[in-house]
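As structure tokens, the structure follows; a few thoughts come after it.
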Amino acid sequence: MRNRLSLLAAILAIIVISCCACGNTSSTAQAGSQLTIKDSTGRNLGFNHVPERIVALGNGEANIIHALGGNLVGRPTSELPQSLEALSNVKQIGTAHEVDLEKITLLHPDVVLGNNPMNTKDIPTIESIGSKMLLTSANSVQEITQQIQLFGKLLQKEDRANELVEQINSQLAEYKSAAIANSPKVLLVYGAPGTFMAALPSSLGGNILELAGGVNIAADYPRLQSYPQYAQLSNERIVQANPQYIFIMTHGDAEQVKESFLKEMADNAAWNKVDAVKLGHVEILPNDLFGTNPGTRVMEALTLMRDQLSAS
Amino acid sequence: MTAAETKGLTLERGMFKLTDVNAIIPNGKITAIVGPNGSGKSTLLSLITGLSSPDEGSITILGKPAEHYSRADFARTVSMLPQSKEFMPNVTVRELIEYGRSPHRSMFSQRLSKEDQDVIEWAMRLMRIRRHDDRMFHTLSGGEQQKARIAMALAQRTGLLLLDEPTTYLDIAHQLEVLEALVSLNRQQQTTVVMVLHDLQQAAAYCDHMIAMKDGEIHSAGDPRTVITKGFMREVYELEAKVSFDGHYPIIIPVRKQNEEEQTMIIVTNTSQIVKGSGDKLVERFDRIGKVEQMEGFLGLEVLWTQNLKEYDEVAVVTRWTSKDAFQAWTKSEAFRESHKHRNIPDYILDNKITFQEVKIKRNPITEAALGETAAQ
Amino acid sequence: MNIKQRTKRRKLVLLIAPILVIASLLLGLMAGSVPVALVDIWHALTARGDSPQDTIVFDLRLPRVLIGLLTGACLAASGAILQGVMRNPLADPGVIGVSSGAGLAAVITMVLLPQLSYLLPAAAFLGALVSSVIIYSLSWDKGASPGKIVLAGIALNALIGAIMNGVMVMYSDRIQAVLPWLSGGLNGRSWHHLSFMLPYALVGLVLSFLAIKPVNLLMLGDDSAKLLGQKVELQRMLLILLASLLAGTAVSVAGLIGFVGLIVPHAIRLMIGDDYRFLMPASILGGAALVALADTAARTVLDPVELPVGILLAVLGAPFFLYLLRKRSNWR
């Protein structure tokens, strides 16, 4: 009896130890890798070869990979803008918030591109299927250019990446040198007039606005510096600031929603005294360019914003 | 005209059952409804007041069918003190009694009229709780609370007042106070009072008319002196008692009975089909079955021999036991095994079947003395 | 509490409550994220022009404070009625599904049908009423006892809550739009919101006074109330309908503000007892003042950001209520 027990214990011990060893192999692989990339969380990811199969959890990342000529095998579930129609055959792998692990596993990706901090929780699960999670964020145009360069390094297509970044930078320089007359004051919001959140300078939308030459009325308040990208702004402050433009980011169809929002604003005495409403400068911004990361299309976003601001 | 009448009242709701109840509540008198638990007294009251509806039958109040009264009118005609103590709000005694005036007040009235005030005072005085009028209800003792609740029913100033067990949780002093107050009410205002009471003696002493119920039916009704008899005690309460009257007050002395356990009986029937004409062989065999009369729990044995069936004789041996264990003890006993020693079944037995039946029995031996007395009634 | 104490407290409460309401109105006009001088406030109210100050006082603060007062009044009245009808001092409008129905309607409108967002108050109001009607019908069995209503409410609230959460998870990139509404707030509410809720609120509050006598009698118990001539089932149905009308009105404009319907009537009850002749007006005034004051605080404390008033109410109110409970617990 005793002999049997000790044999069983020995076998169990061996199994447990070998499992621990298995767990460790993935982290030691870095030592011998050819390519080391540092993502925005500070993690170092090692690759033995240039990734050939890439899954993107966000449209922006998908867009950048495509622009760099990388092989995208998985993209988030959403409607594709016209420019990305080439990607329509790429497998959809769920929304950015709820990734479909099974579909991702089937695709055998070398790397999965996720958002920091939204996909931080998914790192262990991605690694468990033998892939690597690369996290970046895109809360400003600069972060987008950093994304482009990082992915360029990842795909060993640094020249192309630099090209794209140059385009963006030159556009920015152009806007900077020719300031728009009257520095238009803008309120940028997400949502309906009845229940909205103002986009702060720390958000992507806010950053695009600033770079395109507009003045975000939310930028006046030093306290808001410490807030994350959106906040519920007091109506009194809005009336006091009297913005000349109101840009609305929403997820519905822009044309249909515009009518409804305009109606609401016209009816609402809290809004209809503001210059933007009185002059009819209320616009709905397309959701694929604002609100979510547009990737290299951020140039389009900048242009659109610039045009809106210069229109009057 | 009677205060209330029911005709053919029938109701069945799970535990509560009334069957064809024809009750008559005489006007201007005090009526007591008595009977054992579960006989349907509270059910009858709740039907009369409209708190529940009968499956069949009709109820007449003061000569008018109950359905013809509007809710408000009915509340001005009939009032009741329910048995259960429902959620009592945080109010003073006076405020509680004020609620009793609501059938007489319009929806919009905010202040109490002079008449309302007078009635409230009268109700409090009748129930002797005037001195508590500004105390919070929940600070009163049980007896005082009961009196206050009765006062609330009194404030409705109805011609017919029903009370469901008004004295059950009170001490004797409070019980008598309440009963005396009800008698005053009846004498002064000619209010018809109907009360369900458990105390037979109190009921008989204080009422003019008594209705006795058992198992959802009216057993008897009339003057308490004619209703309460020895036979009544036996039939309604299943109690042996000596009954006599001291004036109006009945004296009921129960005879203490032995502790009667409810027993069950197991009947084991062993039925065999025998080749025709050979039945006596089996009967003989059972005659020899050993020592069954000495087994514990044995209640009796019968052998039944049916000879008039066409194809076979049937012999049934019925033994009666106090429990299945007792029977099984017998089958395991030495005597039994010995008599069934030879394992092979005799050839005259065509078929054999054993059945068990459990019967709940309660034994009420009719004694000689009881027989004699019944004859004398 | 003896009757002397109670009478004293009743007088006090009914004296202070209206004063509190007026004070909260004045405070709401004077305080805000943008400082406005008293003389300008007076000017805005009397000789209104087009300056930003005038707009702020007349188009932002004034309607907002009035909406706050009405919202608080309606929620407190609704809670008071429900606590009486259910004979349970812990009942609140959520029990009859008002909050969940309105919430679901709002989520569906804002997330799936943003082109109809100007219909949001109407949708929320309808959602509130429909879900309370459903709960009432589910609990009907020759009558609707409070126990059955609570159970039906629990079941339907769970279902609606699950659907709501499902929608929010499936469209998780859109919930930014919904969150402010779900936390309850008066940001951006103005005259057209007030005109939407005013008729329903006024009708509801007037009917609340008519409800005083039936509720007082229902509190005695179904049997006692019937014996006193009350049509119990009919009254209960109408009262629950009234409660959902009141709460639905409040929630349709202000979003999901909880807490007021439960705490205000209960706190007042602890102070002055169960008689609705005093409980109802005191609750209505108390609720009005509470929400108006809380909203003023919510929009000034973290200037220029606004805190949703529902959150502020919960954070401040819960400890206060616990304190009240402890102090008065020995008196029951």
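The values are calculated or read from the model by the stated rules, or taken from the named source; none is laboratory data. The model shown is predicted, which means the values in this text are computed figures rather than measured ones. Neighbour counts run over all protein chains shown; Cβ positions are idealised from the backbone, glycine included.
For every residue, the table says whether it meets (1) within 14 Å of chain C (Cβ to nearest Cβ); (2) touching a helix residue (DSSP H, G or I) at 6+ places or on another chain (Cβ under 6 Å); (3) within 30 Å of residue B:5 (Cβ to Cβ); (4) of a type in the set (S, T, N, Q).
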residue: B:141; (1), (2), (3), (4): no, no, no, yes
residue: B:158; (1), (2), (3), (4): yes, yes, yes, yes
residue: B:163; (1), (2), (3), (4): yes, no, yes, no
residue: B:195; (1), (2), (3), (4): no, no, yes, no
residue: B:198; (1), (2), (3), (4): no, no, yes, no
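Got at least one residue in region B:79-102 being at pLDDT 90 or above, of a type outside the set (Asp, Glu) and within 29 Å of the chain's Cα centre (by Cα)? Yes, region B:79-102 contains at least one residue that is at pLDDT 90 or above, of a type outside the set (Asp, Glu) and within 29 Å of the chain's Cα centre (by Cα).
Pairs are defined by a Cβ separation below 6 Å, a sequence spacing of at least 6 or placement on different chains, a first member in region B:140-155 that is more than 13 Å from residue B:181 (Cα to Cα), and a second member that is among the β-branched types (Val, Ile, Thr) and assigned to a helix (DSSP H, G or I); the pairs so defined are B:152/B:97; B:155/B:97; B:155/B:119; B:155/B:120. Restricting attention to region C:265-279, the residues being more than 10 Å from every other protein chain (Cβ to nearest Cβ), farther than 16 Å from residue C:86 by Cβ and either part of a loop (DSSP other than H, G, I, E, B) or not small (Gly, Ala, Ser) (or both) number 3.
For region C:49-102, a residue qualifies if it is of a type in the set (Val, Ile, Thr) and closer than 17 Å to residue C:187 by Cα, and the qualifying residues are C:55, C:56, C:57, C:65, C:67, C:71. Output the residues belonging to region C:208-261 that are more than 9 Å from every other protein chain (Cβ to nearest Cβ) and part of a loop (DSSP other than H, G, I, E, B). C:211, C:256, C:257, C:258, C:259, listed by residue number. The residues in region A:234-252 that are closer than 21 Å to residue C:178 by Cα, outside any helix (DSSP H, G or I) and more than 7 Å from every other protein chain (Cβ to nearest Cβ) can be counted, and the count is 4. Among the residues of region C:6-40, those that are of a type in the set (A, V, I, L, M), within 22 Å of residue C:287 (Cβ to Cβ) and either without any contact (Cβ under 8 Å) to a residue 24 or more places away in the chain or outside any helix (DSSP H, G or I) (or both) comprise C:12, C:15, C:16, C:19, C:22, C:26, C:30, C:31. For beta carbons closer than 6 Å, sequence separation of 6+ or different chains, a first residue in region A:89-109 that is part of a strand (DSSP E or B) and a second that is at pLDDT below 80, the qualifying pairs are A:92/A:77; A:94/A:77.
Kindly state which helices (runs of 4 or more DSSP H) lie completely within region B:122-239 and contain at least 2 residues that are of a type in the set (Val, Ile, Thr).
Values: elements: B:142-154, B:172-189, B:200-206, B:224-227, B:230-237.
Per the criteria, B:172-189, B:224-227.
Only residues that are more than 16 Å from residue A:186 (Cα to Cα) and more than 7 Å from chain C (Cβ to nearest Cβ) were counted in region A:266-278, giving 1. The strands (runs of 3 or more DSSP E) found entirely in region B:20-104 that carry 1 or more residues being in contact with a Phe, Trp or Tyr (Cβ under 8 Å, 6 or more places away or on another chain) and either on the phi < 0 side of the Ramachandran plot or within 8 Å of chain C (Cβ to nearest Cβ) (or both) are B:30-34, B:56-61.
None of C:190, C:183 is small (Gly, Ala, Ser), touching a Phe, Trp or Tyr at 6+ places or on another chain (Cβ under 9 Å) and at pLDDT below 90 except C:190. Here residue A:289 meets each of (1) modelled with pLDDT of 85 or more; (2) surrounded by 19 or more Cβ atoms within 10 Å (Cβ to Cβ); (3) away from every other protein chain (no Cβ under 13 Å) with one exception, condition (1). Selection of region A:188-205 for residues being within 23 Å of residue A:300 (Cα to Cα) and either surrounded by fewer than 24 Cβ atoms within 10 Å (Cβ to Cβ) or within 12 Å of chain C (Cβ to nearest Cβ) (or both) yields A:189, A:190, A:191, A:198, A:199, A:200, A:201, A:202, A:203, A:205. As for region C:44-58, it holds at least one residue that is among the aliphatic types (A, V, I, L, M), surrounded by fewer than 16 Cβ atoms within 10 Å (Cβ to Cβ) and away from chain A (no Cβ under 14 Å). When region A:213-233 is filtered for residues that are at pLDDT below 85, in a loop (DSSP other than H, G, I, E, B) and buried (at least 21 other Cβ atoms within 10 Å of the Cβ), only A:232 remains. Scan region B:234-253 and give yes if some residue there is at pLDDT below 85 and of a type in the set (Val, Ile, Thr), otherwise no. No, the conditions are met nowhere in region B:234-253. Here residue A:256 does not qualify as at the interface with chain C (Cβ under 7 Å from one of its Cβ atoms) and buried (at least 20 other Cβ atoms within 10 Å of the Cβ). Put simply, of B:79, B:70, B:102 the only residue that is more than 30 Å from residue B:203 (Cβ to Cβ) and crowded, with 22+ Cβ neighbours inside 10 Å is B:102. Counting residues in region B:170-189 that are touching a Phe, Trp or Tyr at 6+ places or on another chain (Cβ under 8 Å), under 18 Å from residue B:97 (Cα atoms) and in the same structural domain as residue B:31 (by TED's automatic domain parsing) gives one or more.
Of note, residue C:237 satisfies the criterion of being more than 16 Å from the chain's Cα centre (by Cα) and at pLDDT 90 or above. Of the residues making up region A:263-312, those that are assigned to a loop (DSSP other than H, G, I, E, B), more than 23 Å from residue A:182 (Cβ to Cβ) and under 28 Å from the mean Cα position of the chain (by Cα) are A:286, A:287, A:288, A:289, A:291, A:292, A:293, A:294.
Screening B:51, B:81 for residues that are without any contact (Cβ under 8 Å) to a residue 60 or more places away in the chain and out of contact with any Cys (no Cβ under 8 Å at 6 or more places or on another chain) leaves exactly one candidate, B:51. Would you call residue B:58 closer than 19 Å to residue B:81 by Cα, touching a residue at least 40 places away in the same chain (Cβ under 8 Å) and surrounded by fewer than 23 Cβ atoms within 10 Å (Cβ to Cβ)? It is false that residue B:58 is closer than 19 Å to residue B:81 by Cα, touching a residue at least 40 places away in the same chain (Cβ under 8 Å) and surrounded by fewer than 23 Cβ atoms within 10 Å (Cβ to Cβ).
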